[in-house]
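The values are calculated or read from the model by the stated rules, or taken from the named source; none is laboratory data. Only a predicted model underlies this, so the values are computations on that prediction, with no experimental measurement involved. In this analysis, Cβ positions are derived from the backbone assuming ideal geometry, glycine residues included, and neighbour counts consider all displayed protein chains.
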Amino acid sequence: MVEGASAAAIAAAVRAREMSAVESVAAALAAVAAVDDRLHAFCTLDAEGALAQAAALDARLARGEPGGALAGVPVAIKDLIVTRGMRTTFGSPLYAGFVPDRDDVSVERLRQAGAIVIGKTNTSEFGFGPVGHNALFATTRNPWNPALTPGGSSAGTAAAVAACTVPLGLGSDGGGSVRIPAALCGLVGMKASWGRVPLHPGCRDETQPGASGWESLEHIGPLAREVGDVALALSVVAGPSPRDRHSLPAQDGAFRIAAPETLRGARIAYSARLGFAEIDPEIAGIVARAARRFTAALGCEIVETDPPVGDTQAAFEALVALDTDRVGLRRLADARGHAFGGQLGRLLARPWTADDFTDAILARKRIANAMSEFMAGFELLLTPATAAAAFPADTDGPQGWTPFTALANLTGQPAASVPAGFTADGRPVGLQIVGRHLDDAGVLTACAAFESVLPWAHVLPKIAAAGGAMRRRRSG
């Protein structure tokens, strides 16, 4: 594989037949073999199938057939996203042997664009909890420090990309599960506007009750080292599908990155606490300095202010419960003698009422309306991505350490996390960029502009230098 290659560069090289898809996939598999015994990013690998798909792609290219926008790019898929013929466990012992007979729409589109799925990546059970441990697989570790968590719930995807085993991966984000691990692993992670990327069948097995996605909150989103790869992936997986009644019509330029100069004079809001959050002072300082440097370099006006929404956690938790098949999960667990722990266990044990759900729906309407009025005065909202940096693996972290990300799930606004710097002990810190309703291109342009001011892709964790197929410069 081309050293330092992005997904876009790999695809261009494969299409030009400067490198074969088989070589690209073999390099990724070698990188996984070199580091994943320490990271546990992958819970299922399909080396034989991936190499066969790569060989078939090379044969088509040899016949002069088109290769696709992601030709020969090895990708990792979160284990909440179903994959035809490849085990999908949802991070739960209840689905330890489940092999779907279909691809999620997003996976189907990746394959159609020439991407090669090499395996599935670890997650918390059914995605409940922004961490990377469950009762089925070894705990996923952070490439920057394997004693620490990579965040979650797209934990394995983030670890795989950060360790440079693959240049691109898919995660899902119901309350920050793409952006949180992106922040803790020094990556770009984005959830587009709700409905941009179709979600079907989601985290579910329609042959039995139990697994269920959060229909009104969930997004599929890419994680990568470079903003351009995130934009490329979104352009491939987005667009309407008759299988998702919430999917949006295609929009020309939805993921087109404009020149940084287009942000000159923009009015940008910066909120360090959203008016309520407790945040590690070191994180707050790193993100504030990065935001000011970014806006000053581009000639933007930065205004420190809080959106008038307050703490959204209660409404968010109730909507998660409303979207979850609580009865089906309890029945399935009881029948198989399984006990849920962590956030999922607490959610299932709580005696929810119809009034709880009505209150949450009304709160969501209020929050969405308030954010619409607030964003009318600003082109973007910047916040920290998390209130803490990576903490010890196999723990749930400090109380309230993810207060920033669920807001964009409640409103459906596009949002991304980009690397903002490092703590004194070398842990990555993320900046969240939230755009106006449906302004995905605005978020990507801001991410790319930030990347030009504070570049990060050349700095990699040491573990990536040991086995990564896309080595650049070691950190530290």
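Data for the structure
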item	result
Qualifying residue in the range 208-217 (condition: surrounded by fewer than 23 Cβ atoms within 10 Å (Cβ to Cβ) and either under 30 Å from residue 304 (Cβ atoms) or under 12 Å from the mean Cα position of the chain (by Cα) (or both))	yes
Listing of strands (runs of 3 or more DSSP E) fully contained in the range 359-458 that carry 3 or more residues being buried (at least 23 other Cβ atoms within 10 Å of the Cβ) and touching a Cys at 6+ places or on another chain (Cβ under 8 Å)	none
Test set (1) within 16 Å of residue 163 (Cβ to Cβ); (2) modelled with pLDDT of 95 or more; (3) not hydroxyl-bearing (Ser, Thr, Tyr) - residue 3 fails condition number	(2)
The range 405-456: number of residues that are within 17 Å of the chain's Cα centre (by Cα), without any contact (Cβ under 8 Å) to a residue 60 or more places away in the chain and over 15 Å from residue 268 (Cβ atoms)	0
Flag for residue 235 being of a type in the set (S, T, N, Q) and under 18 Å from residue 76 (Cα atoms)	yes
Residue, surrounded by the most Cβ atoms within 10 Å (Cβ to Cβ), within the range 165-194, restricted to residues that are assigned to a loop (DSSP other than H, G, I, E, B), on the phi < 0 side of the Ramachandran plot and of a type outside the set (Val, Ile, Thr)	177
Helices (runs of 4 or more DSSP H) wholly inside the range 270-341 that include at least 3 residues being charged (D, E, K, R)	281-297, 326-336
Residue match in the range 32-48 (condition: in contact with a helix residue (DSSP H, G or I) (Cβ under 9 Å, 6 or more places away or on another chain), modelled with pLDDT of 95 or more and of a type in the set (Val, Ile, Thr))	yes
Residue check for residue 353: of a type in the set (Val, Ile, Thr), surrounded by fewer than 20 Cβ atoms within 10 Å (Cβ to Cβ) and over 22 Å from residue 271 (Cβ atoms)	yes
Residue match in the range 52-67 (condition: buried (at least 20 other Cβ atoms within 10 Å of the Cβ), under 16 Å from residue 161 (Cβ atoms) and in contact (Cβ under 8 Å) with a residue 24 or more places away in the chain)	no
Residue in the range 330-339 that is surrounded by fewer than 14 Cβ atoms within 10 Å (Cβ to Cβ), out of contact with any Phe, Trp or Tyr (no Cβ under 6 Å at 6 or more places or on another chain), on the phi < 0 side of the Ramachandran plot and among the aliphatic types (A, V, I, L, M) present	yes
Filter result for residue 246 (assigned to a loop (DSSP other than H, G, I, E, B) and more than 24 Å from residue 195 (Cα to Cα))	no
Residues located in the range 113-124, provided they are assigned to a strand (DSSP E or B) and of a type outside the set (A, V, I, L, M)	119, 120, 121
Test: residue in the range 99-112 that is assigned to a strand (DSSP E or B), farther than 26 Å from residue 347 by Cα and in contact with a Leu (Cβ under 7 Å, 6 or more places away or on another chain)	no
Among the residues listed as 135, 158, the single one being in contact with a Pro (Cβ under 8 Å, 6 or more places away or on another chain) and not in a loop (DSSP other than H, G, I, E, B)	158
